[in-house]
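A quick write-up on the structure given underneath.
Just so you know, all these numbers are worked out from the coordinates, no wet-lab data involved. Note that this is a predicted model, so its numbers are computed, not measured. Cβ sites come from the backbone with ideal geometry, for glycine too, and all protein chains shown count toward neighbours.
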Amino acid sequence: MALSVGCTARPGKSRSNRTGSWRVFRPVFKHDKCTKCGICALVCPEGCVEQSEDEFYEANYEFCKGCGLCSDECPAEDIEMEQEEK
Amino acid sequence: MVDKSLELFDCGHRACGGCGPAIAARLILKGAGKDTIVVSSTGCMEVFSSPYPETAWKVPWIHSLFENAAAVASGVEASLKKQGRSEKVVIIGGDGATFDIGMLCISGAFERGHDFTYICYDNEAYMNTGIQRSGATPYAASTTTSPAGRCSTGNKRPKKDMPQILAAHGAPYVATASVSYPADFMQKVEKAVNTKGPCYIQVHAPCATGWGFEGNLTMKMGKLAVETGLCVLYEMVDGKVTRVKKVVRKPVEEYLSTQKRFRHLFKPARKDAEIAQIQAIADFNAEKYGIDIKLKKEPAK
Amino acid sequence: MMQFMEGSLAVADAVRLCRPQVISAYPITPQTHIVEALADMVANCTLDAEYITVESEFSALSACIGASAAGSRVYSATTSQGLALMFEVCFNVAGMRLPIVMTIVNRALSAPLSIWNDQQDSISLRDSGWMQLYAEDNQEATDLHYLAYRVAEDHEILLPAMVCFDGFILSHTYEPVETLSQDQVDAYLPAFRPYQRLDAADPISFGMFASPDYYMEFRYEIDRALERAKERIARAGKEFGKQFGRDYSALVEGYQLEDAETAFVAMGSLCGTVKDAIDEMRAQGKKVGLLKIRCYRPFPGPDIAKALAGVKRVAVLDKNISLGSKGAVGLEVKDALYGSGIAVYDYIVGLGGRDLKKSDIAAIAALAEKGQGDQFYGLRQEVLR
């Protein structure tokens, strides 16, 4: 693709960088004790925790770096970190 | 009310796992809303969000140099005014860009009274260049330019009081915040962008890499800073403190002992004098801002 | 309308007619009369612009970046130390491809402190990606502003421009200047149409960083735009001539070059003195001429080679010195004439306001004829250590 004038870009381009490949531990949203409070989504530095139609939350593993903040901050302790199998 | 469910900071950025400033970026845009033009200084956030062409910004965004964001924003604001446009102007700079190298531009812009909100994400050192001390680095923190050593206990000076300096410029709204209190932070951003004139928010944004803790603990680290009284959350309207977050204070050791940058205060030998000095800083803050919740004493039997 | 005006005020009037929407400047001698005049126009509603009274030149140009990126036509003016303080910002403006126009009232750089004229300030920014136009007199100084905006904002160019004119010698001197009407300028300079801008309705990220995979190509694109600017400047100069009778289509301009054996090369107000000296020398039978460089960036090397093809020797008058080397213009003229066999001699003259008289020009011609050059001219030997 030809360069933009002056090194500019329009939104959406960062999504081509799939940061999920960085992950060593994976958050598993168990939806067991979840109260759907949404703290996991709020604290995620990636903004990759999304609410699905059933109002439960899930991490988008394309981008989740596996930092574990959602798991640590979950008041219901309903997100478990599991080692990625590579 | 701004729609805080909007995600205006995109996935795919290159921040470290558990990055405090990345959380700050998301919360800032949630508080400010989509009709916002962001001016960024050079720094961690700028770099992890804008490698050409992979921008993470879904709002109009401009980065020029390290030290000139406040001046660039002055021009943006003047242009919008001239065109009769209504977008909000939000500047985001790290503590190095804000406390140190950008001070001239910031002072000038606040004195001129432009209508913008300046948000400093304070991770207490130059993290982008490899954890060098800044004017925001706390007392006794070990950084790569204030290393602890045989004849050094780390950074020699306490943190510069930037919010007070900008309040003294006549800023109508000045607030401190922490990424660990997201609702409070977003509310302050929303308040600032809707206040006419130059507003300042300093948001404490723990850096796992720079401070030396695991990325899953970012929120806990920010909370500990507040709970120990080392980071005070308050609002100032027209130079007067109007709201302060009160806490049941914990000893500063609980905060210090969990971070590599303060490890030299505990190993190989405990440095009581330095720890006491840091506790004195927290005590001073507590007294100055009245943050202590006084627990009722058990009545004597 | 012909008016007898101070140079600074003539330039300020031209800037007003260009309808800048945001002005951001910091006072510095000898630029002050321009920015004072503009502030007065804004205060009296004869100019509808936002005027930002910044706390430094560094912020002056930084604010221009923000205003330009947000979609406004912007203006600034500075000189010497102020321009040096803008160094970092200048490179940034060009790299971001923002069509900012800035007047440079040429002045020496400290130390020692000097408020007087030479061209070291703008010459030192020659590598920054800005177009640089140098005016010989106040008429040209005003006209070049209209031209600069027109070329800078051309979507095929999108580069900033410095209009340079000599401090005090021109800026504080009264000369007759033909001023234009708003209708005339509007007919020449279309309203500002940003190529891209900061806009919540269509968000764009400006000022991203480039990895080694992209950086060189971005720099190459700036260089290519400067190359294209040669033709656009010529076209805009020709159009100006058609509309107002003063043709600026030539990037370099010859004076008595046709049969000249010795040719001077100069920029700025010095050209006037040289022309007078040439007239006197010609009267004595000396075949001398002048090549005036109006456009220094982009550097019109082929135009210079063509214009000087018939001369025996060239004497470049440099009001600057690349310390440890030679005069900047001299070096580039040598490059332009490389392989031609024409001898090029460089003379460092007029630094820090040192006057250069017609007799000095004749003396320099004599030095060149003797093959003596690449030297400071006019040093006071008695004070040297």
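Overview of values
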read-out	value
Listed peptides C:164-173, C:320-329 by packing density, highest first (mean Cβ within 10 Å)	C:164-173, C:320-329
Relative contact order computed over segment C:1-105 (Cα-Cα under 8 Å; 6+ residues apart), in percent	30 percent
FRET efficiency for residue C:223 and residue C:174, using Cβ-Cβ distance with R0 set to 51 Å, rounded to 0.05	0.80
Chain B: angle of helix B:218-227 to the longest principal axis, Cα-based, in degrees nearest 10	70 degrees
Dipole magnitude (debye, nearest 20) for segment B:20-289, charges at Cβ of Lys, Arg, Asp, Glu	360 debye
Centre separation in Å (Cα based) which lies between segment C:14-87 and segment B:185-210	31 Å
FRET efficiency estimate (nearest 0.05) - Cβ-Cβ, residue C:279 to residue B:157, R0 60 angstrom	0.30
Pairwise FRET efficiency - residue B:272 versus residue A:5, Cβ, R0 = 51 Å, nearest 0.05	0.25
Positive-end residue of C:67, C:155, C:201, charge dipole of chain C with Cβ unit charges	C:155
Simple Cβ-charge dipole of segment B:1-51, Lys/Arg +1 and Asp/Glu -1, about Cα centre, in debye nearest 20	100 debye
Dipole-positive endmost among B:255, B:187, B:276 within segment B:145-285 (Cβ charges, Cα centre)	B:276
Gaussian network model of chain B, Cα within-10 Å springs - most flexible of B:269, B:171, B:148	B:269
Relative contact order, percent, chain B [alpha-carbon distance under 8 Å, six or more residues apart]	16 percent
Folded to 0 to 90 degrees: helix B:69-83 orientation relative to chain B principal axis, Cα	30 degrees
With at most 15 neighbouring Cβ atoms within 10 Å, loop GluC sites (Glu not before Pro) (DSSP) excluded, longest segment of chain C	C:1-155
In order through segment A:52-57: 3J(HN,Hα) via Karplus (6.51 cos²θ - 1.76 cosθ + 1.60), integer Hz, x for Gly, Pro	8, 4, 7, 6, 7, 9
Additional length obtainable on full extension of the chain from residue C:372 to residue C:247, 0.36 nm per residue less Cα span	41.4 nm
Taking N as its residue count, the alpha carbon Rg of chain C over 2.2 N^0.38 Å	0.97
Sequence of C:18, B:11, B:151 once ranked by neighbouring C-beta atoms within 10 Å, starting from the fewest	B:151, C:18, B:11
Unit charges at the beta carbon, dipole of segment C:227-285: most positive-side option, C:284, C:274, C:251	C:251
Value of D in µm² per second that Stokes-Einstein yields for segment C:252-383, Kirkwood Rh from Cα pairs, at 20 °C (1.002 mPa s)	148 µm²/s
GNM result for chain C, Cα springs below 10 Å: residue of C:12, C:70, C:108 fluctuating most strongly	C:70
Residue order, fewest to most surrounding Cβ atoms within 10 angstrom, among A:7, B:19, A:40	A:7, A:40, B:19
Antiparallel bridge percentage (DSSP; both residues within chain B; nearest 5)	30 percent
Alpha carbon centroid spacing (whole Å) that separates segment C:89-161 from segment B:6-69	33 Å
Principal axes of segment A:30-83: Cα extent on each, largest first, Å	24, 21, 18
Sparse-neighbourhood loop sites, trypsin sites (Lys or Arg not before Pro) in segment A:9-56 - DSSP loop, at most 15 other Cβ within 10 angstrom	A:18, A:30, A:33, A:36
Computed label-point distance, nm, for sites residue C:385 and residue C:36 using a 7 Å Cα→Cβ extension	3.9 nm
Bins of 20 Å, starting at 0 and running to the largest distance - Cα pair percent for the protein assembly as shown	16, 41, 28, 13, 2, 0, 0
Estimated dipole of segment C:2-244 in Debye, rounded to 20 [Cβ of Lys and Arg +1, of Asp and Glu -1, Cα centre]	420 debye
For chain B, built as a Gaussian network whose Cα springs stay under 10 Å, the top-fluctuating residue of B:73, B:280, B:24	B:280
Neighbour cut-off at most 12 other Cβ (10 Å), DSSP loop, trypsin sites (Lys or Arg not before Pro), segment B:261-300	B:270, B:294, B:296, B:297
Per-residue [θ]222 nm for chain B (sum of -39500 (n - 2.57) over DSSP H runs n ≥ 4, rounded to 500)	-9500 deg cm²/dmol
Rounded Å value of the spacing that divides the Cα centres of segment C:306-385 and segment B:213-242	65 Å
Cα-derived Rg over Rh, computed across segment B:1-114 with Rh taken as Kirkwood radius	0.96
Cα pair distances of segment B:160-301 binned at 10 Å [whole percent]	11, 36, 33, 16, 4, 0
Ascending count of other beta-carbon atoms within 10 Å, so fewest first, for B:166, C:331, C:9, B:27	C:331, C:9, B:166, B:27
Equivalent ellipsoid, segment B:20-289 (semi-axes from 5 times Cα gyration tensor eigenvalues, Å)	31, 20, 16
Loop chymotrypsin sites (Phe, Trp or Tyr not before Pro), segment B:229-289, which have at most 14 other Cβ atoms in a 10 Å radius of their Cβ (DSSP)	B:266
Orientation-averaged projected area, Cα convex hull of segment B:224-301 (nm²)	7.2 nm²
Rel. contact order, % - alpha carbon contacts under 8 angstrom, at least six apart, chain C	16 percent
